[in-house]
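The structure appears right after this line, and notes come after that.
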Protein chains: 2
Amino acid sequence: MSGERPRPSAPPTISEVAAEAGVGRATAARTLGGYGYVSPELKERVLAAAEKLGYRANALARSMSTGVTHTLGVIVADIGNPFFAGVVRGICDTSRARGFDTLVVSTYERLDEEVAAANVLIDKRVDGMIVASAAVDHSSVGHIRTALDRGIPVVLVDRAVPSLDLDAVVIDNRDAAREAVEKLIAAGHRRIGFVWGPPVDKVPATRRELIAAASRNLWTDGERLRGYLDALDDAGIPFDPELVMVGPKVEKRAAREVARMLDLPDRVTALFCTETDGVTGALRAIRARDLSCPGDMSLIGFDDSAWAAVMVPPLTMIEQPVHQLGSTAAEVLLDVLGGAEPRREMHTLRTRLVDRSSVAAPPGRA
Amino acid sequence: MSGERPRPSAPPTISEVAAEAGVGRATAARTLGGYGYVSPELKERVLAAAEKLGYRANALARSMSTGVTHTLGVIVADIGNPFFAGVVRGICDTSRARGFDTLVVSTYERLDEEVAAANVLIDKRVDGMIVASAAVDHSSVGHIRTALDRGIPVVLVDRAVPSLDLDAVVIDNRDAAREAVEKLIAAGHRRIGFVWGPPVDKVPATRRELIAAASRNLWTDGERLRGYLDALDDAGIPFDPELVMVGPKVEKRAAREVARMLDLPDRVTALFCTETDGVTGALRAIRARDLSCPGDMSLIGFDDSAWAAVMVPPLTMIEQPVHQLGSTAAEVLLDVLGGAEPRREMHTLRTRLVDRSSVAAPPGRA
């Protein structure tokens with residue numbers, strides 16, 4: 001009830017200890033919780049204040065004060081994406097081995113859901129969070145700052161957020177995309193479709209506008225687009241906006257856009273797909289025209305899977321170290337919880353181009 | 001600290017209200033939390049006791065006393081399985097629409113992980129739980145009983161647990177399997193492999209022992225096996241233990257077992273696969289022998305996916321209503337939290353056989 005005053009006998013809170021010590025609540029929480037970095041001087045002040053006020057973590061209040069619940073919170077954009085399911089597996093395996101339970105929330109790429117998820121996890125007193133964020137700029141990261149302000153360390157996974165100076169565990173998106181497109185170029189292709197670009201309504205007319213649009217959207221997508229453009233540049237192939245798909249990332253849309261690229265006077269002969277649903281959408285369009293892969297259309301995509309290996313033809317795909325992404329993120333976070341200072345750096349893991357049989361010379365040039 | 005006595009001014013707990021009213025803690029929690037069924041007579045006694053003791057939920061203690069945190073806990077066997085990812089999506093969509101957040105824990109088919117997950121979710125004060133359990137008998141459901149004893153309603157999804165009298169939202173596993181195998185028989189097959197059976201070391205020699213072994217393992221697997229045997233029985237095809245794969249459910253093992261069935265003197269001509277990894281494993285074995293599907297080998301499997309539709313040939317698959325499984329489970333649970341009495345029944349949803357092109361007559365009979 002508002003206006004209620006604390007009972008005189010109520011034990012001191014972390015906030016009161018922080019005020020007494022003249023430090024922030026997060027610093028007091030880290031000191032009393034025994035995790036994260038606190039300078040020796042501040043630590044001493046917090047411990048003295050705690051002793052003076054008679055602060056003592058009791059079993060009931062522990063999860064509400066020190067944050068030591070041995071639970072990690074994980075926020076992923078879409079648990080229905082096998083990629084994120086694999087990342088979560090890596091996180092769970094590593095945190096379990098180190099005595100931590102893992103709570104997962106899926107936001108289905110909605111920032112409002114992500115904000116709600118962060119609040120729930122804060123409310124549930126997780127010790128730290130691993131986040132694959134839908135946030136793209138400084139205006140959309142308030143919930144992550146809230147967690148940090150409460151002394152809850154956050155590690156980003158898969159997606160860096162340029163406006164946040166945090167540890168981020170990612171893959172070499174730009175290099176991986178460049179390598180894939182270079183492979184298509186080396187096979188003789190010059191009309192290479194990009195499935196998919198930023199979720200804007202209309203394809204920007206210039207390369208610069210396209211990059212700008214990508215920069216206002218997901219970091220991973222922007223990096224993969226840059227890799228595609230890098231490879232075109234290196235080969236002296238001009239950028240053609242007709243060969244870039246934009247709009248919602250759904251399979252049907254990918255199929256329709258690939259069909260459109262097949263109707264161009266100078267039609268597409270190869271595709272680079274940045275997501276699994278782009279690959280299956282592209283294959284639907286190819287099958288619908290009774291075209292063959294790779295005879296009529298070459299294809300390379302993200303991510304490799306058991307299905308890709310048993311396709312006819314087996315698909316050349318980019319394999320991401322999904323489990324390692326998760327386990328590395330968990331390790332970085334658990335090290336911070338164990339007292340290590342956050343390194344606030346990008347941990348970049350290598351992908352691997354799994355060369356199978358979906359790339360050949362363009363039709364008429366075999 | 002042990003031995004510490006409650007402060008005289010401490011507000012009464014739910015347990016104290018329950019003792020005063022002469023009811024169980026769960027009954028008091030449901031009454032004061034405003035969820036679940038409580039008989040009018042008991043409800044009146046609880047409310048009278050609460051008034052007498054001056055019980056009042058305050059903001060800080062609310063999540064620890066009444067359980068009304070507007071959070072659901074979800075325990076799934078493997079979030080890396082696209083099936084469970086789809087179920088979780090259904091749960092999240094429905095609970096979000098009704099104002100509840102969802103915390104997910106994946107147990108990777110380990111019962112000890114499931115027990116830990118249940119404890120974490122109880123500890124995090126979820127209002128209710130949806131569980132796809134790895135438990136198979138009464139000796140392994142203690143953690144679910146613990147949740148129920150704490151007044152946390154539990155709804156099972158995908159997997160019924162015969163020893164628990166709870167609401168369970170499942171599919172028609174036995175009918176779906178029978179329909180698939182009937183289709184293979186109708187195409188002329190009599191040598192139909194079953195990938196996969198129970199995770200035992202050796203194939204039981206008799207049909208009765210096989211069913212017994214399945215009954216000691218996952219309910220879904222046992223139901224699918226029964227459907228396979230139903231279809232053989234109806235067609236007068238004798239059970240052959242050589243055509244049943246047992247052991248760990250991994251793709252490589254499925255590939256090896258299908259290769260073994262291809263080496264039999266009277267070799268297998270069709271396969272019924274109960275899981276996606278069984279399908280991809282079977283396809284690996286078929287490709288490794290340069291056999292064609294469906295010319296040399298027909299195949300039907302669980303579950304349909306975007307990949308199955310773009311295979312060569314497009315695969316005939318069983319489509320499960322994954323989203324609806326999740327949304328129905330969430331609805332049943334939220335209704336109980338809203339005051340409805342649990343119906344403690346099996347809610348069986350229909351699957352659909354998606355007929356594509358992976359079934360043909362056996363080789364030599366086309």
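Of note:
- CD proxy at 222 nm, helix term only [per DSSP H run n ≥ 4: -39500 (n - 2.57); per residue of the protein assembly as shown; nearest 500]: -13500 deg cm²/dmol
- Share, in percent, of DSSP beta bridges within the protein assembly as shown that are antiparallel, nearest 5: 10
- Straight Cα distances below 19 angstrom link A:Lys183 to none of the lysines, with same-chain residues fewer than 8 positions distant left out.
- If R0 is 30 Å, the Cβ-Cβ spacing of B:Ser139 and B:Glu209 corresponds to a FRET efficiency of close to 0.90.
- Rounded if a/c under 1.5, otherwise prolate or oblate - the protein assembly as shown, Cα gyration tensor axes: oblate
- Within the protein assembly as shown: Cβ-based charge dipole about Cα centre, in debye rounded to nearest 20 (Lys, Arg +1; Asp, Glu -1): 480
- Shortest-first distances to equivalent copies, position B:Asp172, nm, label 7 Å out along Cβ: 5.3
- When the solvent-accessible area of chain A is split by element, carbon and sulfur atoms take up 50 percent of it, the probe being 1.4 Å.
- Only Lys, Arg (+1) and Asp, Glu (-1) charged, at Cβ; segment A:66-124 dipole about Cα centre in debye: 320
- As a length-normalised measure over Cα pairs under 8 Å and 6 or more apart, the relative contact order of chain B settles at 19 percent.
- Residues along segment B:292-330 losing 10 Å² or more of accessible surface when the other protein chains are present rather than the chain by itself (probe 1.4 Å): B:Ser305, B:Ala306, B:Trp307, B:Ala309, B:Val310, B:Met311, B:Val312
- A:Ala306-B:Ala361 pseudo-label distance in nm [points 7 Å out on the Cα-to-Cβ vector]: 3.3
- Across the identical copies, how the A:Val354 labels are spaced - nm, sorted shortest first, 7 Å along Cα→Cβ: 2.1
- A straight Cα-to-Cα reach below 21 Å connects A:Lys43 with the lysines A:Lys52, residues fewer than 8 places away in its own chain not being considered.
- The mean number of Cβ atoms from other chains found within 10 Å of a Cβ in peptide B:83-93 is 3, as a whole number.
- Shape class for segment B:173-320: rounded, because the ratio a/c of the largest to smallest gyration tensor axis (alpha-carbon atoms, square roots of eigenvalues) is under 1.5.
- Each chain gives up part of its surface: A and B jointly bury about 4100 Å² of accessible area, both sides summed, for a 1.4 Å probe.
- Nearest-ten-degree value, helix A:111-123 long axis tilted from longest Cα axis of chain A: 30
- Cβ-vector label at 7 Å, B:Gly54, separations to other copies in nm: 2.0
- Under 24 Å from A:Lys252, Cα to Cα: lysines that are on another chain or at least 8 residues apart: A:Lys202
- Once the 1.4 Å probe is applied to the protein heavy atoms, chain B comes out at 41 Å² accessible per residue.
- Translational diffusion coefficient of chain B (Stokes-Einstein, Kirkwood radius from Cα pairs, 25 °C, 0.890 mPa s): 109 µm²/s.
- For segment A:87-132: rounded, prolate or oblate by the Cα gyration tensor [a/c cutoff 1.5]: oblate
- Positions from segment B:271-288 whose accessible area shrinks by 30 Å² or more when the full protein complex is built, not the chain alone, probe 1.4 Å: B:Thr280, B:Arg284, B:Arg287
- Fluctuation leader among A:Ala97, A:Ala28, A:Ala186 - chain A, Gaussian network, Cα springs under 10 angstrom: A:Ala97
- When both bridge partners sit in chain A, DSSP labels roughly 10% of those beta bridges antiparallel.
The values are calculated or read from the model by the stated rules, or taken from the named source; none is laboratory data. Just so you know, these numbers come straight off a predicted model, no measurement behind them. Note: ideal-geometry Cβ built from the backbone for every residue, glycine included; neighbour counts use all protein chains shown. To get the accessible areas, we keep the full protein, side chains included, count just its heavy atoms, and leave off ligands, DNA and RNA. Shrake-Rupley method; radii C 1.70, N 1.55, O 1.52, S 1.80 Å.
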